[in-house]
Amino acid sequence: MEAGVLRQVRVLYDGASVAVYQAYSAEIAEPALRAGTFVEPFGMGRMTWIKPSFLWMAYRSGWGTKPGQTRVLRVHISREGFEWALGRGVLSHYEAGFHESEAAWKASLTGAPVRIQWDPEQTVTLTPQPRVRSIQIGLSGDAVRRYVNEWIVRLEDVTAEMQRVRDLAQVSRSTAEAELPAERPYPISEELAAKVAATPGAHLAG
């Protein structure tokens, strides 16, 4: 693990649900918004990445302007589902010092339905924060089926909200920051934090 780098599971959440983000084309987003979950032409057979960070989603989608990512969705999922995914997560890349060996890491990938990745968190000007990482969660197989059929509580289209933050950031960074969702450390156990390679002591004990 990188020395001096904060890996913290931060998310917008309440007592029942957690908000994550995905961006799709209108062809996928509109049927999903009508149905309250993902339906065709959403691909159940592909890995789908959910992103707890609003600003990392802004970075990934170019504020909801990149082809195929013009509709940004805030997906509210059950806390049970979110924790199920974390508990079955395997890091998407080998890390010396965290994994026993590269062979052991490769073996852990076999059959794992969830991938975990830590990427540089962004600012409201989409500048990477070199010492802060944001968690990305990749779902495949059984995890995708559970996500679509069991975990999703509701969907919101937040494209306009995201682009408002972009526009505000061009005038006043502090004003834009005040409009961000209230993401905060998610209460996970020490055991779960260790499993996803979060920074020890950087989360709230569950």
Those helices (runs of 4 or more DSSP H) lying entirely in segment 157-203 with at least 2 residues at pLDDT 95 or above = 159-169, 173-178
Hey, which of the helices (runs of 4 or more DSSP H) in segment 47-117, taking only ones fully inside, have at least 1 residues that are surrounded by 21 or more Cβ atoms within 10 Å (Cβ to Cβ)?
-> 54-61, 79-87
Pairing a residue in segment 155-176 that is within 15 Å of L73 (Cα to Cα) and free of Cβ contacts under 8 Å to residues at least 60 places away in the same chain with any residue that is aliphatic (A, V, I, L, M) and assigned to a helix (DSSP H, G or I), where Cβ atoms lie under 8 Å and the two sit 6 or more apart in sequence or on different chains, gives none
Selection count, segment 136-179, where residues are surrounded by 14 or more Cβ atoms within 10 Å (Cβ to Cβ), more than 16 Å from K51 (Cα to Cα) and in contact with a Pro (Cβ under 7 Å, 6 or more places away or on another chain) | 1
Across segment 32-64, the tally of residues that are hydroxyl-bearing (S, T, Y) and free of Cβ contacts under 8 Å to residues at least 12 places away in the same chain stands at 0
Within segment 105-135, work out how many residues are modelled with pLDDT of 95 or more, of a type in the set (A, V, I, L, M, F, W, C) and more than 22 Å from T199 (Cα to Cα).
-> 2
Assess whether S92 counts as being at pLDDT 95 or above, among the hydroxyl-bearing types (S, T, Y) and under 22 Å from R133 (Cβ atoms).
-> no
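The values are calculated or read from the model by the stated rules, or taken from the named source; none is laboratory data. Remember, predicted model here, so these are calculated numbers, not experimental data. When we count neighbours, we look across all protein chains shown, and the Cβ atoms used for this are built from the backbone with ideal geometry, even at glycine.
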